[in-house]
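The structure appears right after this line, and notes come after that.
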Amino acid sequence: MEKLSNPQKTIEILKKYQFNFQKKFGQNFLIDAHVLDKIIAAAEITKEDFVLEIGPGIGTMTQYLAEAAREVTAVEIDKNLIPILEDTLSAYDNVQIINEDVLKLDLAKLAKERNGGQPMKVVANLPYYITTPIIMGLFESSVPLKSVTVMVQKEVAMRMQAGPGSKDYGALSLAVQYYAKPYLAANVPQNCFMPRPNVGSAVIRLTRYEEPPVKVKDEKLLFAIIRASFNQRRKTLQNGLSNAQELAFSKEEIAEAIERLGMPASVRGEALTLEEFARLADLLAE
Ligand code: SAM
């Protein structure tokens, strides 16, 4: 089958099946071969790999993945796309299509059945309305993962890879960087999609750490502290933590921990690195 990665072929398939885009599913299909080559290169797919694709749409990227990988499982929520995928992917015998909401699927079981429980690679042009639940769901679960290479809103990609001192730095940066090393692979303009999204996009690869880069006594406390620190951006760290409902430390305990961390009382959360947040969490856990 001819590749779908151009506007003419995409329009032809959409017309053949009288497909109507569903806004609620975040459907913006890729129509640019150059961008697809970049995604496959960034994901470093080899013939050894088992790949999970989230939201294959009409199968444009799936064709590229099927050629590069050993095996691909593509999970698509929209039942109207299933007959189209069966057609556009009929030439590949290493692709399995599952009609399901990816957030409801047992991915650890899938990795076990299809990849002997070995780490898999996730590649997707994500539906933007559920970017964070999908990515954090993958990292926080017990799914064995090598990397997650995804198209996301450009603004979200910037937040995922930001460090202290950047305006984009926040709870999402720290949550992602606790689990994975981010690499911004490409910026992608709106005209590479059909229909065009309202925002710019970017491809980011998140390579999962085998062990988190920091060790803490209480992981839940670390994330509660991070959330509280960025909830009230213009407040000092001390006030942010004192006002947080989910934390139960006194003002004095917080002040003492910040002092022992070697930070001034006026420090703001956005100045702290992941390592410093981890040390603060351990000081407060004591
Ligand atoms: N991969 C295709 C491409 O690049 O042309 C389509 C990408 S489009 C941005 C996102 C796809 O995810 C759509 O096909 C949409 O129907 C699907 N989708 C949306 N929510 C989903 C969910 N919860 N589970 C699985 N697929 C979903």
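Here are some notes:
Residue-by-condition table, conditions (1) touching a strand residue (DSSP E or B) at 6+ places or on another chain (Cβ under 9 Å); (2) modelled with pLDDT of 95 or more; (3) under 20 Å from Ile135 (Cα atoms):
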{"position": "Glu12", "(1), (2), (3)": "no, yes, no"}
{"position": "Lys24", "(1), (2), (3)": "no, yes, yes"}
{"position": "Ala33", "(1), (2), (3)": "no, yes, no"}
{"position": "Glu44", "(1), (2), (3)": "yes, yes, yes"}
{"position": "Lys47", "(1), (2), (3)": "no, yes, no"}
{"position": "Gly59", "(1), (2), (3)": "yes, yes, no"}
{"position": "Leu85", "(1), (2), (3)": "yes, yes, no"}
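- A single member of Ala162, Ala124 is in contact (Cβ under 8 Å) with a residue 60 or more places away in the chain, within 30 Å of Thr273 (Cβ to Cβ) and either open to solvent by less than 20 Å² (accessible area, probe 1.4 Å) or within 15 Å of the ligand (Cβ to nearest atom) (or both), and it is Ala124.
Okay, residues lined up against (1) near the ligand (Cβ under 10 Å from one of its atoms); (2) under 29 Å from Glu210 (Cβ atoms); (3) outside any helix (DSSP H, G or I); (4) among the basic types (Lys, Arg):
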position	(1), (2), (3), (4)
Val72	no, yes, yes, no
Ile82	no, no, no, no
Leu85	yes, no, no, no
Ser90	no, no, yes, no
Lys109	no, yes, no, yes
Arg114	no, yes, no, yes
Gln118	no, yes, yes, no
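- Every residue from segment 138-150 that is in a helix (DSSP H, G or I) and either among the polar types (S, T, N, Q) or at pLDDT below 95 (or both): Glu140
- Looking at segment 151-244, the helices (runs of 4 or more DSSP H) lying wholly inside it that each contain 1 or more residues that are within 24 Å of Glu44 (Cβ to Cβ) sit at 154-161, 171-179.
- Among the residues of segment 49-70, the ones that are more than 19 Å from Ile13 (Cα to Cα) and near the ligand (Cβ under 10 Å from one of its atoms) come to 3 in all.
- Segment 240-266: number of residues that are buried (at least 17 other Cβ atoms within 10 Å of the Cβ) and more than 18 Å from Lys217 (Cα to Cα): 5
- Answer residue from segment 43-70, given it is over 18 Å from Asp106 (Cα atoms), in contact (Cβ under 8 Å) with a residue 60 or more places away in the chain and in a loop (DSSP other than H, G, I, E, B) and is most open to solvent (accessible area, probe 1.4 Å) among those: Glu44
The values are calculated or read from the model by the stated rules, or taken from the named source; none is laboratory data. Remember, predicted model here, so these are calculated numbers, not experimental data. With ideal geometry, Cβ positions are generated from the backbone for all residues, glycine too; neighbour counts draw on all protein chains shown. Accessible surface is based on the protein model in full, side chains and every heavy atom, while ligands, DNA and RNA are left aside. Shrake-Rupley method; radii C 1.70, N 1.55, O 1.52, S 1.80 Å.
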